[in-house]
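The block underneath contains the structure these notes are about, expressed in structure tokens.
Every read-out reported here was derived from the displayed coordinates using simple, explicitly stated rules and does not represent laboratory data. No experiment lies behind these values; they were computed from the predicted model shown. As a convention, Cβ positions derive from the backbone with ideal geometry for all residues, glycine included, and neighbour counts pool all protein chains shown.
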Amino acid sequence: MIKKASVVEIGPRDGFQNVKEFIPTEIKLNIIDGLVKSGYKKIQMGSFVSPKAIPQMRDSGEIAQIVLERYPNVDFFALVPNLYGAKAAVKAGLKEIAPVMSLSESHNMANVKRTCAQSIEEIRKIREELPDVKITQDIATVFGCPFEGEMSVDALVEMIGKLRDIGIHAFTLCDTVGMAYPTLVEKVFRTVKKAFPGDEFNVHIHDTRNMGILNSYIALENGVDSVQAAVGGLGGCPFAPGASGNTSSEDLVYMLNKCGCETGIDFEQLLKTAKYTKSVIDGNFSGHHINIPEKPCVVTQE
Ligand code: COA
Ligand code: ZN
């Protein structure tokens, strides 16, 4: 068993973006408060996208300003689809952004209305115009596309090569619809780590086939720098049919902590936050239905 893992929370972005009814800013902040209290050191707090595309994310600027002031020791970052969003994120005070593009042309077009070449050009402009912000590039549909099926690892290596040419050296490889399986996860991470030693690679998994924990673990075993998960197993991309929730943070943290892998996250506090999250948004959630088990049953001996 690996001894240490960096778990990054992405529920406030991937989780909330798939909730149809607007979650009041105050409630979003309560959930982030609970996550920080649980011990998270890195949280994706939202996204700077068109409010027409994802109305739920329209308060990300306000949230960024509040949490950056409230929690100076936590790394907050946001997803951005273009230069416009990147500038807005930096203006709100963020020091790290995750521009998103897909490995597959068709999902990239559905999601950000650009060809892959146009997205790379947009990311080049972001790198050039905002030289001080840390860029961790999200690559969606790496493990499968809802329109094109399984993707090629060679095509991934080629895309990473193009992104490195414009100065990007940190990547999050995303299983946008939950098509990943353990041997593919192993192949992908072994390949990219061998091809690009020294670069940062993170993983982002959806739990469509209940393989989220296993795939996350395989990624950790193959040396990923961090693994992303969402409180309550929320999540889903509105532009990727079939996508369900992300790997549930509390399940992942439970497994890692119990097995002696240090996460720095307090399971009990995280479970409380997951239950609060469920209580405020359950019934109003269009994706994966969040099912948070009670604490594993402990029978007290009389
Ligand atoms: N944030 C806020 N507003 C933005 C924006 C951003 N990042 N980018 C563009 N806009 C605004 C423009 O100002 C314009 O406003 P107007 O209609 O008032 O003039 C409008 O959105 C359309 O701009 P345009 O560049 O033509 O965008 P588009 O309609 O081609 O949409 C994206 C492209 C990328 C902005 C949009 O598809 C998007 O935000 N996608 C995000 C998808 C997402 O978050 N997916 C889930 C995460 S993987
Ligand atoms: Zn996702």
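For the range 163-180, 3J(HN,Hα) computed residue by residue from phi via the Karplus equation (6.51, -1.76, 1.60; θ = phi - 60°) reads 5, 5, 4, 9, x, 9, 10, 10, 9, 10, 8, 10, 9, 4, 10, x, 9, 5 Hz, glycine and proline entered as x. Using 5 Å bins from zero, what percent of all Cα-Cα pairs in the range 1-60 falls into each bin? Taking all Cα pairs of the range 1-60, the binned fractions are 4, 18, 28, 21, 14, 8, 4, 3, 1 percent. Backbone phi angles across the range 188-205, fed through the Karplus curve with coefficients 6.51, -1.76 and 1.60 (θ = phi - 60°), yield HN-Hα couplings of 4, 6, 4, 5, 6, 5, 6, 6, 10, x, x, 6, 8, 10, 10, 10, 9, 10 Hz in residue order; Gly and Pro are listed as x.
With the highest mean first, a sort of the peptides 262-271, 6-15 on other beta-carbon atoms found within 10 angstrom per residue produces 6-15, 262-271.
With labels modelled as points extended 7 Å from the Cα through the Cβ direction, what inter-label distance (nm, one decimal) is found for ILE2 paired with LYS52? That separation, rounded to one decimal, is 4.1 nm. Less than 5 angstrom separates the built amide H of ASP75 from those of LYS42, ILE43, all sequence-distant by 5 or more or on a different chain.
Residues in the range 138-150 carry Karplus couplings, in order, of 7, 10, 7, 6, 4, 9, x, 10, x, 9, 10, x, 5 Hz; the curve used is 6.51 cos²θ - 1.76 cosθ + 1.60 with θ = phi - 60°, and Gly or Pro positions show x.
Relative to one another, the C-alpha centroids of the range 168-204 and the range 62-98 are positioned 24 Å apart.
Quarter the surface of the alpha carbon convex hull of the chain and you get the mean projected area, 15.2 square nanometres. Only alpha carbons enter this Debye calculation for the range 1-112, each as an equal point scatterer, and the log10 of I(q)/I(0) it gives at q = 0.15, 0.19, 0.22 Å⁻¹ is -0.64, -0.98, -1.24.
Using the average count of surrounding beta-carbon atoms within 10 Å as a protection proxy, the listed peptides 134-141, 113-120 rank, highest first, as 134-141, 113-120.
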